[in-house]
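This report refers to the structure that appears directly beneath it.
Bear in mind that the values in this text are calculations on the coordinates, not laboratory data. Because the structure is a prediction, the values reported are computed rather than measured. Positions of Cβ are backbone-derived with ideal geometry, glycine not excepted, and every protein chain shown enters the neighbour counts.
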Amino acid sequence: MKVTVFGIGYVGLVQAAVLAEVGHEVCCVDVDAQKVENLKNGIIPIYEPGLTPIVQSNYEAGRLLFTTDAKQAVEFGEIQFIAVGTPPDEDGSADLKYVQAVAKTIATYMQDPKIIIDKSTVPVGTGDKVSATVAETLAARNAELDYHIVSNPEFLKEGAAVSDCMRPDRIVIGTDSDHVKDVMSELYAPFNRNHDRIIFMDVRSAELTKYAANCMLATKISFMNEMANIAEMVGADIENVRNGIGSDERIGYHFIYPGCGYGGSCFPKDVQALVKTSEQIGYDSQILKAVESVNAKQKAKLFELINRHFNGDVAGKTVALWGLSFKPKTDDMRESSSRVLMETLWEAGAKVQAFDPEAMEETQRIYGSRSDLNLMGTKEAALNGADMLVICTEWQSFRAPDFDLIKSELAEPVIFDGRNLYDPQRMDDRGFSYYAIGRGLSI
Ligand code: NAD
């Protein structure tokens, strides 16, 4: 099948690559000419495990095209995916300008019927807005062409995006058209062989499903962080509590790790956007607001621990920071806890020596050169001459480090662990002051 994908970001590029991998022909279009040029030269703009080989091989096989030419892209496929960003507006609601711009572009150039699929995360009712934009644009051209607006939200996880798209848990499709159902079933058939993963529903329910999923996940994290804070104050260990509750099947072990707050391009903005949607319809979403405020406090947690340990005397200290991306296996720094920490440390007059396996370039792009940030080539180099070690991201390579080396490199053996990677008792035995999340103050 011939498919067009607008937006070659984390979602668009991965989706396009896996569709091409199973044999579809995919035309990817983006307004970022540099990105398109790089992709044509085999340079992949993001770090995502398993992505580079499938992009390169499908590009070479001619099943994956990259262009900035929107007219050519619209002509290419009956199926037109919208996978552009929906960042938060100033008031927290999702900014639909990129989605609407694409809708207008499609309606401007289409010459035959199109199935326009919204893959971006958009508030309930966006399907109607996109439909209105397409209708107005067609009317201005005096063109009478059929089109369908479909909601097909994406559930991939950065860091596992390729496997998530290859073997999705579910494929949610919001449409009331039988023709669309047929086309979508054919498009996704290669990913739907083991058992039926397609869940058809109306457009509004599909739009809300995406927010409900992300808000549930964010709620789990904030819930555990709240439990961690209580555990710390009552002298319990949240890791024991986590094991204890996870064994109940109704709760489960997945996604109940406490830490230094959730980040990324999705949870923060999607929780905010659903709070906003609720406000607009006159509903007070109390749980979601609490999820947000618990998370904001949690992102400040590591600095609080550091500040307390050093009796408020953080100025002039050098912080070895391991982990910059908002989670492992990605280079994405959007809303990362490490950013909140670094910015607070800089304000307090501290210097940061940071290492991340994949996000150094992105950090450099965001912060440029500054005298209080040194990006180091290895995690060991980041320790050199530092006053403390802080861990913000649970990359696998941080799980069993050389503790003797850490001790000898740091001015003082103190670790602030935002991801609970180590055992507090062992750290005490090794002579470290060890601060983690919800495991009691340094023992
Ligand atoms: P992204 O910022 O990585 O990519 C968006 C791309 O769209 C950029 O390359 C940008 O240049 C391009 N673009 C903007 N306007 C365009 C236009 N008019 N025509 C063509 N291209 C245009 O964004 P992302 O992380 O891939 O997210 C895209 C959407 O998917 C968002 O709504 C997001 O909430 C949702 N989503 C993201 C994830 C994730 O993990 N990143 C997961 C599920 C859903």
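Expressed in units of 2.2 N^0.38 Å, where N is the residue count, the Cα radius of gyration of the chain is 1.06. Neighbour counts of other Cβ atoms within 10 Å put S293, S185 in the fewest-to-most order S293, S185.
Each pair of Cα atoms in the stretch 2-201 enters the Kirkwood radius, and Stokes-Einstein at 4 °C and 1.567 mPa s then converts it into a translational diffusion coefficient of 76 µm²/s. When you count the other C-beta atoms within 10 angstrom of each residue and take the mean per peptide, 410-416, 395-401 line up highest first as 410-416, 395-401.
Looking at the chain alone, DSSP beta bridges between its own residues are antiparallel in about 5 percent of cases. When a/c reaches 1.5 or more, the comparison of a/b and b/c decides; with that in mind, is the stretch 152-227 rounded, prolate or oblate per its Cα gyration tensor? Note, shape of the stretch 152-227 comes out oblate.
Got a sec to turn the phi values of the stretch 150-161 into Karplus ³J(HN,Hα) couplings, 6.51 cos²θ - 1.76 cosθ + 1.60 with θ = phi - 60°, whole Hz, x for Gly and Pro? Rounded to whole hertz, the list is 10, 9, 9, x, 9, 10, 4, 10, 4, x, 9, 5.
Calculated [222 nm] ellipticity per residue, helices only, for the chain: -13500 deg cm²/dmol; basis is -39500 (n - 2.57) per DSSP H run with n ≥ 4, divided by all residues, nearest 500.
Compared with the rule-of-thumb size 2.2 N^0.38 Å for a compact globular protein, the stretch 211-296 has a Cα radius of gyration ratio of 1.16.
Helix 51-60 and the longest principal axis of the Cα set of the chain meet at an angle near 30°. Distances between placed amide hydrogens fall under 5 Å for I117 paired with Q80, F81, I82, V150, all partners being 5 or more residues away or on another chain. Taking the average, over residues, of other Cβ atoms within 10 Å as the packing measure, peptides 67-73, 328-334, 105-111 rank 328-334, 105-111, 67-73 from highest down. For the stretch 300-435, the spherically averaged projection of the C-alpha convex hull amounts to 7.2 nm². Helix 286-299 and the longest principal axis of the C-alpha atoms of the chain enclose an angle of approximately 50°.
Here are some pairs, K35/K269; K104/K329; K269/K329; K71/K329; which of them have Cα atoms lying more than 32 Å apart in this structure? Where the Cα-Cα span goes over 32 Å, the pairs concerned are K104/K329; K71/K329.
Remark: the stretch 367-432 is approximated by an ellipsoid whose semi-axes, taken from the C-alpha gyration tensor as √(5λ), come to 22, 14, 10 Å, largest first.
Of K327/K351; K97/K301; K276/K297; K114/K210, which pairs sit farther than 32 Å apart, going by alpha carbon to alpha carbon? Too far apart for the 32 Å limit: K97/K301.
For the chain, the longest principal axis of the alpha carbon atoms and the long axis of helix 97-109 meet at an angle near 20°.
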